[in-house]
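First the structure, in the form of structure tokens, and then the observations on it.
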Amino acid sequence: MKLYGFWRSLATLRVRIAMNLKGLEREEVMVDLQAGVQHSPEYRAVNPQGVLPALIDGEGPPLFQSLSILEYLDERFPKPPLLPSDARGRARVRGLAQIVACDSHPLIVPRIREFLEREFGLDEAQRLAWCRHWLADGLRAIEAHLANDAESGAYCHGDTVTMADVCLVSLAVGYRHYFQGRLEDFPKSAAVVERCLADDAFARAHPLRQPGAPKAA
Ligand SMILES: N[C@@H](CCC(=O)N[C@@H](CS)C(=O)NCC(=O)O)C(=O)O
């Protein structure tokens with residue numbers, strides 16, 4: 001499979017982790033977000049939205065949107081499953097994943113940060129505060145679920161990894177490494193993240209371990 005990604009992309013991180021968990025080989029094509037390559041006609045021919053990731057599996061057209069790709073991978077390669085076997089459990093896991101991928105992460109992506117700078121003149125410190133605020137907002141919601149829901153376990157949902165953990169790790173990595181957020185402020189989430197990152201499938205997917213990444217972000 002061919003994955004269009006970039007070391008720094010948190011949405012790509014989600015797909016990288018899922019592929020590692022399922023033992024899937026990939027060729028990763030780096031699309032340099034910092035150089036604006038996502039806007040090139042060549043990349044827009046792959047993903048018209050001009051965002052990462054995109055995944056090509058065989059002859060079919062590129063797959064897009066990380067959550068949709070995670071669901072696709074889970075259906076096509078069911079072991080190990082990334083969703084619980086019961087409907088209510090799946091709804092909870094998808095809900096947690098969507099806090100990350102639909103509500104929190106979209107507010108901090110490059111095109112939003114660039115718009116804040118270009119249209120409203122926000123300087124770097126103000127943009128940093130914006131990003132930290134919206135990532136913390138997502139983490140606060142997840143922390144409350146982890147603290148209050150009986151279904152919470154060693155991981156977000158029970159004692160096995162689900163796509164909620166995949167998404168939580170992406171949020172936490174961005175918060176901690178890109179925006180200098182204090183993950184310790186969210187102790188239950190931090191414990192899940194540490195447990196996940198101790199697993200090689202998560203650790204190998206880490207942005208700072210990808211080609212082109214700096215030693216520290
Ligand atoms: N909701 C999308 C997010 C896609 C997205 O915004 N990806 C970022 C990188 S994490 C991107 O490519 N941004 C390009 C830009 O904002 O210009 C997903 O989960 O796949």
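Please treat every number below as a calculation from the coordinates, not as lab data. These numbers were taken from a predicted model, which means no experiment stands behind them. Cβ coordinates were reconstructed from backbone atoms using ideal geometry, including for glycine residues, and neighbour counts include every protein chain displayed.
Here is how the numbers come out for the structure above:
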{"item": "Amide hydrogen neighbours beyond the local backbone of Tyr155, cut-off 5 Å, H modeled", "result": "Thr160"}
{"item": "Exposed GluC sites (Glu not before Pro) absent - longest run of the chain, DSSP non-H/G/I/E/B, at most 11 other C-beta within 10 Å", "result": "60-217"}
{"item": "Sorted by Cβ neighbour density within 10 Å, fewest at the top, the residues Asp199, Asp74", "result": "Asp199, Asp74"}
{"item": "Per-residue [θ]222 nm for the chain (sum of -39500 (n - 2.57) over DSSP H runs n ≥ 4, rounded to 500)", "result": "-14500 deg cm²/dmol"}
{"item": "Segment Arg76-Glu194, length gained on full extension (0.36 nm per residue, minus Cα span)", "result": "39.7 nm"}
{"item": "Least to most buried among Thr160, Thr12 (fewest other Cβ within 10 Å first)", "result": "Thr160, Thr12"}
{"item": "Loop trypsin sites (Lys or Arg not before Pro), the range 144-188 (other Cβ atoms within 10 Å of the site Cβ: 15 or fewer; DSSP)", "result": "Arg182"}
{"item": "Euclidean distance of C-alpha centroids, the range 134-192 and the range 65-79, integer Å", "result": "21 Å"}
{"item": "Residue order, fewest to most surrounding Cβ atoms within 10 angstrom, among Cys196, Cys167, Cys102", "result": "Cys102, Cys196, Cys167"}
{"item": "Kyte-Doolittle mean at least 1.0 and Cα axial length at least 30 Å: DSSP H helices in the chain", "result": "none"}
{"item": "Relative contact order of the chain, defined on C-alpha pairs under 8 angstrom at six or more residues apart (%)", "result": "24 percent"}
{"item": "Two-site label geometry, Phe115 and Ala35: point separation in nm, points 7 Å out along Cα→Cβ", "result": "2.6 nm"}
{"item": "Cleavage-rule hits (trypsin sites (Lys or Arg not before Pro)) in the range 1-41: DSSP loop, at most 16 neighbouring Cβ within 10 angstrom", "result": "Arg26"}
